[in-house]
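Below: the structure, in structure tokens.
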Amino acid sequence: MVTSVNPNTELSRCFASSLRPSYSKPNSSQTQLCRLSSGSLSNTFSGLSMAPSTEFSRSRRIFSLSKNESGESASGNGGLTYKDAGVDIDAGSELVRRIAKMAPGIGGFGGLYPLGDSYLVAGTDGVGTKLKLAFDTGIHETIGIDLVAMSVNDIVTSGAKPLFFLDYFATSRLDVDLAEKVVKGIVDGCQQSDCTLLGGETAEMPDFYADGEYDLSGFAVGIVKKDSVIDGKNIVAGDVLIGLPSSGVHSNGFSLVRRVLAHSGLSLKDQLPGEAITLGEALMAPTVIYVKQVLEIISKGGVKGVAHITGGGFTDNIPRVFPKGLGAVIYNGSWEILPVFKWIQEAGRIEEAEMMRTFNMGIGMVLVVSKEASHRILEDGNGAYKAYHIGEVVRGEGVSYS
């Protein structure tokens, strides 16, 4: 069964208020605005809530670990690290390892659920502490694009076309004008990825968030034929790594970015050194949505694996698509390092290895392709889009740089 959902951006809202009185103790009451489309999911996907299938995988877990903002670097050289900023990638990986014992199959960029001759592919994510910069800059119109991008870019790595998206917006006191700006960005992101904003929820939770602040989560579901899934199983040594450029930091690494900003003595209103834009504008550049570009490239053949470069950078994300016994060599200088990354590294005195494990460094999506396909993709990249030959697959494991 192939399910089609027509793109639209209509939202219908239903209001449900808590039965608890307004004088309840702090954090004890919640008002929710439930937003759903007029179409019924129970009718559209009636078979999905029946007996669970053993043929599924859970999507990866994304971790946002908040710690204090004080303290010196643990690296010993005075340079800042992601762990110093409060995010422990190793701890996150350990939790995934433990969860895998309880729910085997997790670890991919999206979770696959069988549906006839196809798979539904699902992903969920947020935008992390980039929200802090949205609060500080007042730029709320594009944070919704980031939210959509983080989920749809994950599920497209399986070759799935996004079908629909749902959002969760939580705040202590609902500012309707501000929320409208955020949702407008979500609508824009859905249009860029050719999927439907199917619904979502707005939760008003008094005393839970600081005044004027909010949190976001997003959920995307797509579909791909079983015989068209991109799963990396056919990757071999000698295959080529093609990088698609990012717009900037995207939506990962902002705990470290904020630490660097604090140490630099500059403000978000100051100019990015050597550039004609402010630091705030550079850092708030919306995440690129790669859906249409990647699906077009996949449709022409030769794509064996796709990695979304998010938290963990090149070092942790590229190996996730490889069979055991294979690794990657990345060619230093084979793509343009954006000025914002150069500033982050210099201002924070961050080691190269830390940069490569934290940020996308100017490449937001990596395609693993055959040598034959690489020539066509790179030639096409001279026209409609940019693409870089950034490395190759080698025997061994992990990622090295040369």
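Worth a mention:
- Extending 7 Å from Cα along the Cβ direction at Met102 and again at Ser247 yields two label points whose distance is 3.6 nm.
- With every protein chain in place, the stretch 299-397: carbon and sulfur % of accessible area (1.4 Å): 49
- Each label point was placed 7 Å from the Cα along the Cα-to-Cβ direction; for Leu178 and Asp136 their separation is 1.6 nm.
- Multiplying the residue separation of Lys371 and Asp194 by 0.36 nm and subtracting their alpha-carbon distance yields 60.7 nm.
- Stretchable slack from Ile337 to Lys233, in nm (0.36 nm times residue separation minus alpha-carbon distance): 34.4 nm
- Loop-located chymotrypsin sites (Phe, Trp or Tyr not before Pro) in the stretch 319-373 whose Cβ has at most 16 other Cβ within 10 Å (DSSP): Tyr331
- Solvent exposure of the stretch 187-281 as accessible area per residue, Å², 1.4 Å probe: 40
- Packing-based ranking, highest mean first, of 177-186, 140-149, 280-289 given that Cβ atoms within 10 Å are counted: 140-149, 280-289, 177-186
- For the peptides 165-176, 87-98, 208-219, the ranking by mean Cβ contacts within 10 Å, running from highest to lowest, is 165-176, 208-219, 87-98.
The values are calculated or read from the model by the stated rules, or taken from the named source; none is laboratory data. Computed from a predicted structure; not experimentally measured. Cβ coordinates were reconstructed from backbone atoms using ideal geometry, including for glycine residues, and neighbour counts include every protein chain displayed. SASA here: full protein model, heavy atoms, side chains in, ligands and nucleic acids out. Shrake-Rupley method; radii C 1.70, N 1.55, O 1.52, S 1.80 Å.
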